[in-house]
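**Student:** Submitted below is the structure of interest, expressed as structure tokens.
Nothing in this text is a laboratory measurement; each read-out follows from the coordinates by a stated rule. Since we're looking at a predicted model, the values are computed, not measured. For neighbour counting, all protein chains shown are included, and Cβ atoms are generated from backbone atoms with ideal geometry for every residue, glycine included.
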DNA sequence: CCACCCAAAGTTACCGGTAACAGTTCGCTT
DNA sequence: AAGCGAACTGTTACCGGTAACTTTGGGTGG
């Protein structure tokens, strides 16, 4: 009670109604926009809202409507990947559509944690968006709450993963490379496989090994590089892996790009400042995120017509980590 | 209606009450834990909850209690800084305390956006945590809703920023350096100033310039490095800046560490794989985040006794970017 | 000029919890 | 066995909205 006195309670529609001299339902109708108000009432309501600084309680609204405007973004380790940027893009899109994005992360190394995290999702969320698109997550969600899931993948309509990898392949061929190793992301990630598939499709002419890194990190790339067998170029599933690979090559006494060329993917903000600056593919994460959220939205509000989003266009950025094959 | 049929409504306390043959209030009491139940009722309630798979509606609870368990984390660009990791630490702590963390980001380059973002904060949130601790944010929040703010700073109790900078200074002195430039983070960030102050306090013996970078990014570090006047070592406010500085030095034909030593701060996961691997200070972001959230919690629930958190201990990690001063 | 219709506005119930107060029940005293 | 307080449990109201139904009032047609 002390508390209630100290914190002046926020005005409600009843307050607005009293000031505007209408019923609370009229205010509600004004807010929702269904069924028009007579100009006179409308104006009074507007003025009352202004005067009181009224703002609707999302909590009450969610309760009354039996649905919330919260979407959960599920992901494992947030720090390793371009995930953050994706999440950020999703968040922007969600907010623009009036949703709140609740990011939940779980420790992927603990097999139970995912299940626990899933059960701890509030049942009243509008949807769940799996950002980290692993098999593990997919299975767990399929099992526990198949109704809600929408996943992010790069086979999403509008993605041009294959074109991007084609550009990489062409670039390397132009430089005279012919033994090209691909270091993929972790095997159980869809997007890792998608990128690998795209590369294989694009690089039919380029012989070479295909490795899977244990993660998306520089450390994983460094580890994977142990298995490298004298390639002329290495294409990596993301920039961090490329960084790890570059480091491993340097420790073997191989110079990038003089001895081996290295290509990344994602164009993280730091890539341009690596030594050497990394040739990579720029992704528009914000747009990717918007696409991902759009898919959720299409499912949540199927009847609302929407402008299609522009297609994603990832494109190659050539920097210092690629050079002509040594004679 | 179609919808309501399709989606079986989640069980409520009334359902539980019916099955357990008690009143809904008894169920509520069981859930809240105040006033004990008779073993017989308690057991029936427990069984009913089990059977129905009941889970409380946070929405209804928030409405009834007149407060939500949502805390907003406010930050500018999420991608540039160690911010993500901090946010992640805060999120973990929040979830552990039963709170949901809603991250809101704003575009710091647009002066109006912050104000707009602030007004778009739902009035029923429990608290606001300013992650990006800039003057701009501080002022805006002070003006608009001074009641809620708790900020993250590194002068937080338990931080050992000064000790960490002392370790850096000692390390450089041991290596024989005497012209040490400090490249600080952006001037309007508290933590940038805190780190600078800590460095100055620690490095009384080391003459050298103090520069401010325009951001926390590699690009900002690269830009700031234009102003470098032949130091023997450069200490940077974070690893990204250090990366940019290293790059700029390389382009001037200076080798790190042979000609100039470079030190970073934060130990981002990639730093160990830079060329050369970066000497830096490891921060326990999770713990930093936990401290930050604890401060919010202490304000929200002042009466709950809590174990103090362990003190943060950032410590120096020496890698390849520092070496003895060239003879 | 009145019956009738439709748009606008009002009333009441409900969403799923919590709070405050009003019963019950039980164990123990006398 | 009645009396009594403490410990449980039940009843009712309320949080701030929305939904469904009812009422009101002005315009139109016969």
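**Student:** With both bridge residues required to lie in chain B, what share of the DSSP beta bridges run antiparallel, to the nearest 5%?
**Tutor:** 15 percent
**Student:** Let me ask something additional. By count of other Cβ within 10 Å, fewest leading, how are B:165, A:315 ordered?
**Tutor:** A:315, B:165
**Student:** Given the options A:195, A:18, A:95, which has the most mean-square fluctuation in a GNM of chain A, springs set between C-alpha atoms less than 10 angstrom apart?
**Tutor:** The residue that fluctuates most here is A:18.
**Student:** In square nanometres and to one decimal, what's the mean projected area of the convex hull around the Cα atoms of the range A:73-143? Don't skip to the end; give the middle numbers.
**Tutor:** Numbers: hull surface 18.8 nm².
Mean orientational projected area (the range A:73-143, Cα hull): 4.7 nm².
**Student:** Summarise the partner chain shielding of A:235-242 as one whole number: the mean count of Cβ atoms from other chains within 10 Å of each residue's Cβ.
**Tutor:** Rounded to a whole number, the mean comes out at 1.
**Student:** Out of the DSSP beta bridges found with both residues in the protein assembly as shown, what percent are antiparallel (nearest 5)?
**Tutor:** Given both bridge residues lie in the protein assembly as shown, the antiparallel proportion sits at roughly 15 percent.
**Student:** Now for a different question. Taking only the Cα atoms of the range B:84-243, how large is their convex hull per residue, in Å³?
**Tutor:** So the per-residue hull volume is 127 Å³.
**Student:** Nm distances between the label at residue A:209 and the same-position labels in the remaining copies, 7 Å along Cα→Cβ, shortest first?
**Tutor:** 4.6
**Student:** Which ordering of B:211, A:243, B:52 is given by a fewest-first count of other beta-carbon atoms within 10 Å?
**Tutor:** Arranged by neighbour count, lowest to highest, B:211, A:243, B:52 become B:52, B:211, A:243.
**Student:** Based on other C-beta atoms within 10 Å, arrange A:199, A:285 from fewest to most.
**Tutor:** So the ranking, lowest neighbour count to highest, is A:285, A:199.
**Student:** Here's a follow-up. Looking at chain A as a GNM with Cα springs under 10 Å, which of A:217, A:261, A:35 has the largest mean-square fluctuation?
**Tutor:** Maximum fluctuation in the GNM of chain A, among the listed residues, is at A:35.
**Student:** Taking the 0 to 90 degree range and rounding to the nearest ten, how far is the long axis of helix B:190-202 tilted relative to the main principal axis of chain B, both from C-alpha atoms?
**Tutor:** 50 degrees
**Student:** Taking each residue in A:46-55, count the Cβ atoms of any other chain within 10 Å of its Cβ, then average. What number comes out?
**Tutor:** That average works out to 1.
**Student:** Among B:254, B:166, B:137, determine the one that fluctuates most according to a GNM of chain B built with springs between C-alpha atoms less than 10 Å apart.
**Tutor:** The residue with the greatest mean-square fluctuation here is B:254.
**Student:** Angle, helix A:39-52 long axis vs. longest principal axis of chain A, Cα atoms, 0 to 90°, nearest 10?
**Tutor:** 70 degrees
**Student:** A follow-up question, please. 7 Å along Cα→Cβ for the label point: how many nanometres lie between residue B:255 and each equivalent label in the other copies, listed shortest first?
**Tutor:** Going from nearest to farthest copy, the values are 1.2 nm.
**Student:** The range A:2-56: Rg/Rh from Cα coordinates, Kirkwood Rh?
**Tutor:** On the way: Rg = 12.1 Å, Rh = 11.5 Å.
With Rg and the Kirkwood Rh in hand, the quotient comes to 1.05.
**Student:** Treating the point 7 Å from Cα along Cα-beta-carbon as the label, what are the nm separations from residue A:286 to the other copies, to one decimal?
**Tutor:** Computed spacing set for this position: 3.2 nm.
**Student:** Further question on the same structure: Compute the long axis of helix A:285-300 from its Cα atoms, compare it with the longest principal axis of the Cα atoms of chain A, and write down the angle in degrees, 0 to 90, nearest 10.
**Tutor:** It works out to around 50 degrees.
**Student:** Relative to 2.2 N^0.38 Å, what does the C-alpha radius of gyration of the protein assembly as shown come to as a ratio? Two decimals please. The partial results should precede the final answer.
**Tutor:** Values: Rg = 27.6 Å, N = 654, 2.2 N^0.38 = 25.8 Å.
That works out to 1.07 for the protein assembly as shown.
**Student:** If you average 1/r across every pair of different Cα atoms in the range A:161-283 and take the reciprocal, what Kirkwood value do you get, in Å?
**Tutor:** 13.7 Å
**Student:** Something else about it: Please report, to one decimal in angstroms, the Kirkwood hydrodynamic radius of chain A built from all distinct Cα-Cα pairs.
**Tutor:** About 22.6 Å, per the Kirkwood formula over Cα pairs.
**Student:** Just tell me how shielded B:84-91 is by partners: mean number of partner chain Cβ atoms within 10 Å of each residue's Cβ, no decimals. Walk me through the numbers on the way to the answer.
**Tutor:** Working: counts 7, 3, 0, 3, 6, 0, 0, 5.
Mean number of neighbouring Cβ atoms from other chains: 3.
**Student:** Using alpha-carbon pairs under 8 Å, 6+ residues apart, how would you state the relative contact order of the range A:161-283 in percent?
**Tutor:** 23 percent
**Student:** Which distance in Å, rounded to a whole number, links the C-alpha centroids of the range A:19-82 and the range B:50-126?
**Tutor:** Cα centroid to Cα centroid, the span is 19 Å.
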